[in-house]
Amino acid sequence: MKRRDFLKGCLACGATASVCGMSKKAWSAGSFEGYPEAMGVLVDLTRCIGCRSCEAACNKEQKLPEPTTSFADQSVFSEKRRPTEYAYTVVNKYDTQKGPVFRKIQCNHCNEPACLTSCFVNAYTKTKEGAVTYNGKICVGCRNCMIACPFNVPGYSYSSAFNALVKKCIFCHETRLKEGNPPACVEVCPQEVLTFGYRKDLIKMAHERIREMPDKYVDHVYGEKEVGGTGWIYLSGVTFDQVGFDTTLGNEPIISNVKEFLGTVPMVLSIWPALFTGFHLLATKNKGHHDDHSNSHQEDSHK
Amino acid sequence: MLSVRNWLIGGIAALMLYLVPLDCRGAGVPEKITIDSLAQYYEAVTFNHSQHINLLKDCADCHHHTTGTLFEDRNCVRCHRNSGETKNVACKACHSATPFSAATLKQRDPQMYHYDKPGLKGAYHLSCVGCHEKNGGPTGCEDCHARNKAGNALYNAGEFTPKNTGGKSGHH
């Protein structure tokens with residue numbers, strides 16, 4: 001076999017393999033709409049009174065450190081907070097034309113989590129119950145997930161110099177969700193802002209509330225479709241951009257931005273070694289016979 | 001002929017009496033109700049029922065259709081325009097104390113209209129706080145609930161108020 005034919009063959013094989021690979025498996029991830037029995041929480045912002053009971057319950061349930069001020073302290077609403085290693089959930093206050101609106105922030109437990117996608121050690125898991133959990137023993141503290149998360153949720157244990165880890169809400173998976181029980185924040189909420197149930201039922205419930213009280217709610221269930229759907233979904237009386245939600249995220253899962261590129265990685269790993277080994281063998285084949293090589297070189301150049 | 005008219009009058013009177021809510025007839029309406037479903041964190045709340053009856057007049061404001069009064073919420077009249085009074089009008093008769101437990105969720109029927117019924121705690125607070133906000137009633141947590149020791153521990157309040165401020169356990 002002539003070298004030129006071999007090279008042509010290699011290229012043809014590579015191209016075919018990559019096309020086959022593309023059409024078959026790698027892109028199926030975009031259609032995943034969550035586990036059928038996944039749980040979720042419907043958050044009705046029109047009900048929240050900003051009592052911060054959810055923050056207190058989370059602090060105790062997750063055995064987080066003592067807060068700087070009491071959870072009965074309302075002065076924290078003077079600034080917009082985000083979840084940290086000390087608080088997996090925080091409530092912020094927004095002044096709107098419909099009066100003050102309180103909004104609880106925590107991990108939204110995406111159907112297709114960007115944090116999980118970005119994690120190269122597989123520290124994250126989307127459990128069949130719907131929680132996005134993480135394994136601190138595997139986490140290397142690279143903080144890719146913090147950049148990937150469209151909701152700016154994961155916190156980081158900056159306080160620890162040697163064992164810095166990502167920290168976030170895990171839907172009380174270990175202590176409650178696994179047994180089918182609601183997370184601590186849901187249980188403590190006095191106003192039933194938080195409704196726990198099967199995600200598929202909560203979506204129906206949310207639309208039913210809008211239908212029955214069209215003057216009370218804006219006609220949008222945030223999280224039903226955003227970034228491929230989230231486990232925690234929201235109802236609001238004011239447009240979502242007024243209460244700190246990012247309404248520019250679109251409905252495509254974050255993984256869609258990278259899966260075409262990532263889909264080529266297995267192809268590269270499986271084909272390139274063979275391809276370049278072939279190149280290498282050909283390039284070194286006639287190393288011992290210098291004359292032959294120069295002859296063939298001349299031959300080539302004559303053509 | 002006369003007897004027929006008497007019967008008719010008697011019947012109408014009985015019907016009207018039936019339509020008058022129970023509490024207006026003064027039968028078995030508690031003056032005060034002790035609510036202790038949050039006893040884990042709070043002292044029991046003594047709810048002054050008669051005071052609220054005097055303030056609201058219409059039982060339906062809290063009891064929906066269960067006391068048999070006619071009311072006009074467009075979402076309720078579809079079924080409850082004339083559904084009469086129910087045997088038990090207490091909040092806890094319909095609103096579950098554990099609305100999200102695994103057992104309750106299993107029993108829930110998504111086809112049922114009242115699928116989205118708040119739990120007992122949610123029903124109390126949504127009803128009470130909603131009305132208090134509209135009508136100038138007290139709305140602060142401790143206006144109605146005195147925290148006990150476990151409650152103070154939960155909220156890091158009272159004797160559990162954090163002492164070191166600006167320490168390493170800051171929120172920021």
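The values are calculated or read from the model by the stated rules, or taken from the named source; none is laboratory data. All figures in this text were calculated on a predicted structure; none of them were measured in a lab. Glycine gets a Cβ as well: all are built from the backbone with ideal geometry, and neighbour counts include every protein chain shown. We work out accessible area using only protein heavy atoms, side chains counted, and drop any ligands, DNA or RNA first. Shrake-Rupley method; radii C 1.70, N 1.55, O 1.52, S 1.80 Å.
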Exercise. Report the FRET efficiency, 1/(1 + (r/R0)^6), for B:PHE47 and A:LYS128, where r is their Cβ-Cβ distance and R0 is 56 Å, rounded to 0.05.
Key: 0.85
Quiz prompt | B:ARG81, B:ARG74, A:ARG103, ranked by accessible area, largest first (probe 1.4 Å) | solution = B:ARG74, B:ARG81, A:ARG103
Quiz item: Quick one: how many Å² of A:PHE261 are accessible to a 1.4 Å probe, rounded to 10?
Solution: 140
Practice problem: Can you find, among A:THR96, A:PRO190, A:ASN108, the residue farthest towards the positive end of the dipole of region A:39-256? Put +1 on the C-beta of Lys and Arg, -1 on that of Asp and Glu. | Solution: A:ASN108
Practice problem: May I ask you to list the lysines whose Cα is less than 19 Å away from that of A:LYS285, ignoring any residue fewer than eight positions away on the same chain? | Solution: A:LYS2, A:LYS8
Practice problem: Could you calculate the FRET efficiency of A:ALA283 with A:LEU262 from 1/(1 + (r/R0)^6), where r is the beta carbon distance between them and R0 is 45 Å, rounded to 0.05? | Solution: 0.90
Self-check item: Taking region A:174-285 and dividing mean pair separation by its residue count, relative contact order in percent (alpha carbons under 8 Å, at least six apart)
Solution: 14
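Just to confirm, what accessible area per residue do you get for region A:108-256 at 1.4 Å probe, in whole Å²? Mind showing how you got there, number by number?
Values: 6050 Å² over 149 residues.
Per residue, region A:108-256 has 41 Å² of solvent-accessible surface.
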Quiz item: Counting Lys and Arg as +1 and Asp and Glu as -1, each charge on the Cβ, what is the dipole of region A:39-256 about the Cα centre in debye, to the nearest 20?
Solution: 340
Quiz prompt | Fraction in percent of alpha-carbon pairs per bin - 10 Å, region A:39-256 | solution = 8, 35, 39, 16, 2, 0
Exercise. Give me the distance in nm between label points sitting 7 Å out from Cα along the Cα-to-Cβ direction at B:ARG78 and B:MET112, one decimal.
Key: 1.7
Quiz prompt | With all protein chains modelled, accessible area of A:ILE170 [1.4 Å, Å²] | solution = 30
Self-check item: Charge dipole (region A:39-256, unit charges on Cβ, about Cα centre) - positive-most of A:ASN144, A:TYR222, A:CYS48
Solution: A:ASN144
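Which GluC sites (Glu not before Pro) in region B:36-131 pass both tests, a DSSP loop state and at most 10 other beta-carbon atoms within 10 Å?
Those that pass, being in a loop and sparsely packed, are B:GLU72.
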Practice problem: Averaging sequence separations of C-alpha pairs under 8 Å and six or more residues apart, then dividing by the length of region A:39-256, give the relative contact order as a whole percent. | Solution: 29
Quiz item: Total Å² of accessible surface buried at the B-A contact, 1.4 Å probe, nearest 100?
Solution: 3400
Quiz item: In the structure displayed, which of A:LYS167/A:LYS225; A:LYS128/A:LYS259; A:LYS216/B:LYS121; B:LYS57/B:LYS121; A:LYS216/B:LYS134; A:LYS167/B:LYS106 lie more than 27 Å apart, Cα to Cα?
Solution: A:LYS167/B:LYS106
Quiz item: Taking the Cα centre of region A:140-272 as origin and charging only Cβ (+1 Lys, Arg; -1 Asp, Glu), how large is the dipole, in debye to the nearest 20?
Solution: 400
Exercise. Rounded to the nearest 0.05, what FRET efficiency do A:ARG82 and A:THR239 give with R0 = 25 Å and r taken as the Cβ-Cβ distance? Could you check?
Key: 0.75
Exercise. Take A:THR89, A:THR46 and sort them by solvent-accessible surface of the protein heavy atoms, 1.4 Å probe, largest at the top.
Key: A:THR46, A:THR89
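Considering only DSSP beta bridges with both partners in region A:39-256, what is the antiparallel share in %, to the nearest 5?
Bridges in region A:39-256 that DSSP calls antiparallel: roughly 85 percent.
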